[in-house]
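Engineer: This is the structure, below, for whatever I ask next.
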Amino acid sequence: MLSLDLPQIFFNSIITGSIFMLAAIGLSLSYSLSRFPNFTHAEYITLGGYLAYLLSEQLGIPLYIAFASSFLGSGFLSLASYIFVFKPLQDRGSPMIYLMVASIGLGLVVRHIIQQVWGASPLTIRVVWPRWTLGSITVTGLYIYLIAVTIATAITLHILLTRTIIGKCIRASSDNVELAFSSGISVSSISRFVWFIGGGLAGLSGFFMVAIANAIPLLGWRLLIPAFAVTILGGVGSFYGALIAAYVIGVAENFSVIGLTALNLPTDLKMMVSFVVIVLVLLVKPEGIFASIGGGSRA
Amino acid sequence: MPDPLIFAMHIAYRIGVYGIAALSLNIEYGYTGLSNFGKAAFLMIGAYTAAIAVENGLHPAIALLLSIMVSGVIGVSASLFALKFREDYLAITILAFAEIARLILRNFDDSIRALIRFTTGVESYINVFGGVHGKVVRSFVSIPGDYRLYNIAQLSLVYSLLAASYLFVKLLSDSPYGRILRAIREDELASQTLGKKTWIYKMQAIGLGSALAGLAGALSAQFEGYISPESFQPHLTFAIWMMVILGGVGNNLGSLLGAALVESIEAAALFVKSFLGYLPLDPVNIQWIFVGASIIIVVAFKPKGILEERPIKTPAVEVARHGYTRG
């Protein structure tokens, strides 16, 4: 009755993990640089998804341009929210709770503008992807595309963080903002860069969510709790931690789906995996389980 | 077209209910500084408890008490582990808790049925929470025939409970106990050095706040007559935060003022929807864009809210300041 199709579970976990990784990296980096959890991050994901729908379905533009626009659109929204909302609030000395409240408020503004423009019902992109069957698993071109983008992102970010000056500045600021500032690093321009890239990657996760399933206004909000689980499990501000945590939670979620299906339970309950991870990690090791991976330095 | 007087009474009722909810967050955030980002869950627990209690033939007063108790107990047990967290971790955890609680309520009946089928093979028709279809809640007040008199009875019920809650929170916050809560908000470490076990106070603040939120949820459920997990979206939590911050953090009258203002925005949106007919823009979207944008403006330009927190006027403070009490 409980048949474990391990290759398929493994493959699904890679897909889920890749989306979690794209969704969570920006959240994790901006959390440590700007020192508050940004709940508007959910809407960067949603906007990326709807931009994909707008360009490829409504305007009939090739998908790779829609892909780029998801990145740029969400990146600029993220950058704008930092420059026009969160940075001025921090300069006024707002406490962290106010920044969190303001980020939920900004998220509502963006989500309801999206809902006003595109409506609340689910929208799908109709693209026919090539399909291959490898043994027991079915692979579509979209999944190959997602995995390629994730690998390229991971390698690019790795090179950026370890080989370039700006990457070293990001790691330094993420580790200790005051020390980085007093060493002459322009923390605010580093922050602007990180918010842009992080928002853009969130937009890409929205793009893939819409390509795989459909676009709804709550798209990003549904990914936000897994993204927080990845952030906390990987250690806030740790790129390599988030990388591993995303796939760990991806595997855990897919195994939970198998268990729930076997018991005939609703698969919606898989969200509990993320919640349990958040609570357990915060209780046991709040600095994150995988935070020390990558030579002990946070990035 | 709805009766304008009934419409006005509906808004007045909601102001009363959310006044209680805002007071409850004022205990948690306004006085103790706890970031409870899952208020909606505690209203939901109160609402469902009351619904199930009256469904099983319990007296409304007992249903209200049960809502207060169940919500308070769940609040305390959730706080047992969550209070050791930093404020941002607490916010994320309680927010996730609220989403999971909603998810569980939505799937509970299906899950139990599936588990019974799985273990015993018997088809059961268990219906506790109603799943996505929600629950019809019987009203606490029954005056058949006269709808206006019914509304007046409902209003007196909610406003007398609001007055009691206000008095309770006011006395609590002006008491030495309230001063400890404020001390924890201002500097938890300093309060600990004075020998206060701060986690106990924080736990009590969450417990009291959740209990009051449960009362608000129960009152709202019996008046609206229908609840579903979708009535307790994060929007609701956010609206209550907006009430407390806009009205004045740490000011009980401010919480009530905030509730009146935020509910008036809601009323305006409802009014547009019910009386003006077709519009190119959805009033619900406009409402939330407006509320979301205004909280950013309030947080930036009037962070203390409209009614600022005042120093407490008690004999103890005067003795500390002058060495004697006047009069």
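Engineer: Note down all Cβ pairs under 7 Å where the first residue falls in the stretch B:100-120 and is over 28 Å from residue A:229 (Cα atoms) and facing chain A (nearest Cβ under 9 Å), the second is surrounded by fewer than 19 Cβ atoms within 10 Å (Cβ to Cβ) and among the acidic types (Asp, Glu), and they're at least six residues apart or on different chains.
Structural biologist: B:117/B:123
Engineer: For the subset of the stretch A:231-273 comprising residues that are among the charged types (D, E, K, R) and open to solvent by 50 Å² or more (accessible area, probe 1.4 Å), which member is nearest to the other protein chains (Cβ to nearest Cβ)?
Structural biologist: If we filter the stretch A:231-273 for residues that are among the charged types (D, E, K, R), which is where we start, we get A:253, A:268, A:270.
If we keep only those that are open to solvent by 50 Å² or more (accessible area, probe 1.4 Å) as well, we get A:268, A:270.
Numbers: A:268: 6, A:270: 10 Å.
Of everything passing the filter in the stretch A:231-273, A:268 is nearest to the other protein chains (Cβ to nearest Cβ).
Engineer: Tell me, which residue of the stretch B:279-293 that is within 27 Å of residue A:87 (Cβ to Cβ) and open to solvent by 20 Å² or more (accessible area, probe 1.4 Å) is farthest from the other protein chains (Cβ to nearest Cβ)?
Structural biologist: Selected residue: B:290.
Engineer: Which condition does residue B:230 not pass, out of (1) away from chain A (no Cβ under 14 Å); (2) out of contact with any strand residue (DSSP E or B) (no Cβ under 9 Å at 6 or more places or on another chain); (3) farther than 28 Å from residue B:175 by Cα, if it passes all the others?
Structural biologist: Unmet for residue B:230, out of (1) away from chain A (no Cβ under 14 Å); (2) out of contact with any strand residue (DSSP E or B) (no Cβ under 9 Å at 6 or more places or on another chain); (3) farther than 28 Å from residue B:175 by Cα: (1).
Engineer: While we're here: Just to be sure, is residue B:28 among the charged types (D, E, K, R) and away from every other protein chain (no Cβ under 14 Å)? Can you show your working first?
Structural biologist: Details: among the charged types (D, E, K, R): yes; away from every other protein chain (no Cβ under 14 Å): no.
No, not satisfied.
Engineer: Here's a follow-up. Examine the stretch B:157-176 for a residue that is open to solvent by less than 40 Å² (accessible area, probe 1.4 Å), aliphatic (A, V, I, L, M) and under 15 Å from residue B:72 (Cβ atoms), and state whether such a residue exists. Let's see the steps before the verdict.
Structural biologist: Looking only at the stretch B:157-176, we keep the residues that are open to solvent by less than 40 Å² (accessible area, probe 1.4 Å), and these are B:158, B:162, B:165, B:169, B:172-173, B:175.
With the extra rule that they be aliphatic (A, V, I, L, M), the set shrinks to B:158, B:162, B:169, B:172.
Then keep just the ones that are under 15 Å from residue B:72 (Cβ atoms); that gives B:169, B:172.
Checked against the condition, which is being open to solvent by less than 40 Å² (accessible area, probe 1.4 Å), aliphatic (A, V, I, L, M) and under 15 Å from residue B:72 (Cβ atoms), the stretch B:157-176 yields at least one hit.
Engineer: Sort through B:192, B:222 and tell me the only one that's touching a Phe, Trp or Tyr at 6+ places or on another chain (Cβ under 9 Å) and away from chain A (no Cβ under 14 Å). Before the answer, list the steps.
Structural biologist: On the way: B:192 fails: touching a Phe, Trp or Tyr at 6+ places or on another chain (Cβ under 9 Å).
When all the criteria are applied, what remains is B:222.
Engineer: Working only within the stretch A:251-286, note down all residues that are at pLDDT 90 or above and of a type in the set (Gly, Ala, Ser).
Structural biologist: A:252, A:256, A:274
Engineer: Among B:296, B:227, B:245, which is the only one that is surrounded by 21 or more Cβ atoms within 10 Å (Cβ to Cβ) and more than 23 Å from residue B:19 (Cβ to Cβ)? Show your work before the answer.
Structural biologist: On the way: B:227 fails: more than 23 Å from residue B:19 (Cβ to Cβ); B:245 fails: more than 23 Å from residue B:19 (Cβ to Cβ).
The unique qualifying residue is B:296.
Engineer: For the stretch A:82-105, which positions are closer than 28 Å to residue B:30 by Cβ and touching a Phe, Trp or Tyr at 6+ places or on another chain (Cβ under 8 Å)?
Structural biologist: A:86, A:89, A:96, A:97, A:99, A:100, A:101, A:102, A:103, A:104, A:105
Engineer: Here is a further query. If I filter the stretch A:106-138 down to residues being under 30 Å from residue A:9 (Cα atoms) and touching a Leu at 6+ places or on another chain (Cβ under 7 Å), which single residue comes out as farthest from the other protein chains (Cβ to nearest Cβ)?
Structural biologist: Among those residues, the one meeting the criterion is A:129.
Engineer: Looking only at the stretch B:35-47, decide whether some residue is part of a loop (DSSP other than H, G, I, E, B), open to solvent by less than 10 Å² (accessible area, probe 1.4 Å), modelled with pLDDT under 95 and within 26 Å of residue B:312 (Cβ to Cβ).
Structural biologist: The answer is yes; a qualifying residue exists.
Engineer: Which residue pairs have Cβ atoms under 6 Å apart, sit 6 or more places apart or on different chains, and have a first residue in the stretch A:221-232 that is small (Gly, Ala, Ser) and a second that is modelled with pLDDT of 95 or more and surrounded by 24 or more Cβ atoms within 10 Å (Cβ to Cβ)?
Structural biologist: A:227/A:23; A:227/A:24; A:227/A:27; A:229/A:249
Engineer: Here is a further query. Taking residue B:214 and the conditions (1) at pLDDT below 90; (2) part of a helix (DSSP H, G or I); (3) not β-branched (Val, Ile, Thr), which numbered condition does it fall short on, given that it satisfies the others?
Structural biologist: Going through (1) at pLDDT below 90; (2) part of a helix (DSSP H, G or I); (3) not β-branched (Val, Ile, Thr) one by one, residue B:214 breaks only (1).
Engineer: So for the stretch B:260-270 (the condition being outside any helix (DSSP H, G or I), open to solvent by 40 Å² or more (accessible area, probe 1.4 Å), of a type in the set (A, V, I, L, M, F, W, C) and closer than 17 Å to residue B:26 by Cβ), does at least one residue qualify? Please lay out each step first, then the result.
Structural biologist: Going residue by residue through the stretch B:260-270, those that are outside any helix (DSSP H, G or I) are none.
No: the stretch B:260-270 contains no residue that is outside any helix (DSSP H, G or I), open to solvent by 40 Å² or more (accessible area, probe 1.4 Å), of a type in the set (A, V, I, L, M, F, W, C) and closer than 17 Å to residue B:26 by Cβ.
Engineer: Identify all residues within the stretch A:274-290 that are open to solvent by 30 Å² or more (accessible area, probe 1.4 Å), free of Cβ contacts under 8 Å to residues at least 40 places away in the same chain and either within 16 Å of residue B:95 (Cα to Cα) or more than 9 Å from chain B (Cβ to nearest Cβ) (or both); write none if there are none.
Structural biologist: A:276, A:280, A:284, A:285
Engineer: Assess whether residue A:99 counts as being within 13 Å of another protein chain (Cβ to nearest Cβ) and either farther than 16 Å from residue A:213 by Cα or open to solvent by 40 Å² or more (accessible area, probe 1.4 Å) (or both). Write out each step before concluding.
Structural biologist: On the way: within 13 Å of another protein chain (Cβ to nearest Cβ): yes; either farther than 16 Å from residue A:213 by Cα or open to solvent by 40 Å² or more (accessible area, probe 1.4 Å) (or both): yes.
Spelling it out, residue A:99 is indeed within 13 Å of another protein chain (Cβ to nearest Cβ) and either farther than 16 Å from residue A:213 by Cα or open to solvent by 40 Å² or more (accessible area, probe 1.4 Å) (or both).
Engineer: Here's a follow-up. Condition test on residue B:62, is it part of a helix (DSSP H, G or I), open to solvent by 50 Å² or more (accessible area, probe 1.4 Å) and touching a helix residue (DSSP H, G or I) at 6+ places or on another chain (Cβ under 7 Å)?
Structural biologist: Against the criterion (part of a helix (DSSP H, G or I), open to solvent by 50 Å² or more (accessible area, probe 1.4 Å) and touching a helix residue (DSSP H, G or I) at 6+ places or on another chain (Cβ under 7 Å)), residue B:62 qualifies.
Engineer: Taking the options A:63, A:77, name whichever one is touching a residue at least 12 places away in the same chain (Cβ under 8 Å), farther than 20 Å from residue A:227 by Cβ and among the hydrophobic types (A, V, I, L, M, F, W, C).
Structural biologist: On the way: A:77 fails: farther than 20 Å from residue A:227 by Cβ.
Every option except A:63 fails the conditions.
Engineer: If the requirement is being within 14 Å of chain A (Cβ to nearest Cβ) and over 27 Å from residue B:168 (Cβ atoms), which of these qualifies: B:131, B:57?
Structural biologist: Values: B:57 fails: within 14 Å of chain A (Cβ to nearest Cβ).
Within the list B:131, B:57, the selection yields B:131.
Engineer: Looking at the stretch A:137-155, which of its residues are farther than 17 Å from residue A:70 by Cβ and free of Cβ contacts under 8 Å to residues at least 12 places away in the same chain?
Structural biologist: Matches in the stretch A:137-155: A:138, A:140, A:144, A:151, A:155.
Engineer: Also, quick follow-up: Give the number of residues within the stretch B:84-93 that are open to solvent by 20 Å² or more (accessible area, probe 1.4 Å) and more than 7 Å from chain A (Cβ to nearest Cβ).
Structural biologist: 2
Engineer: Looking at the stretch A:171-200, which of its residues are of a type in the set (A, V, I, L, M), under 18 Å from residue A:22 (Cα atoms) and open to solvent by 10 Å² or more (accessible area, probe 1.4 Å)?
Structural biologist: Here is the first cut: in the stretch A:171-200, the ones of a type in the set (A, V, I, L, M) are A:172, A:177, A:179-180, A:185, A:187, A:190, A:194, A:197.
Subsequent filtering for residues that are under 18 Å from residue A:22 (Cα atoms) retains A:194, A:197.
Once the filter is applied, which keeps residues that are of a type in the set (A, V, I, L, M), under 18 Å from residue A:22 (Cα atoms) and open to solvent by 10 Å² or more (accessible area, probe 1.4 Å), the stretch A:171-200 yields only A:197.
The values are calculated or read from the model by the stated rules, or taken from the named source; none is laboratory data. If you're wondering where the values come from, they're calculated on a predicted model, not measured in any experiment. We place every Cβ from the backbone using ideal geometry, glycine too, and count neighbours over all the protein chains shown. Surface accessibility is based on the protein's heavy atoms, side chains included, excluding ligands, DNA and RNA. Shrake-Rupley method; radii C 1.70, N 1.55, O 1.52, S 1.80 Å.
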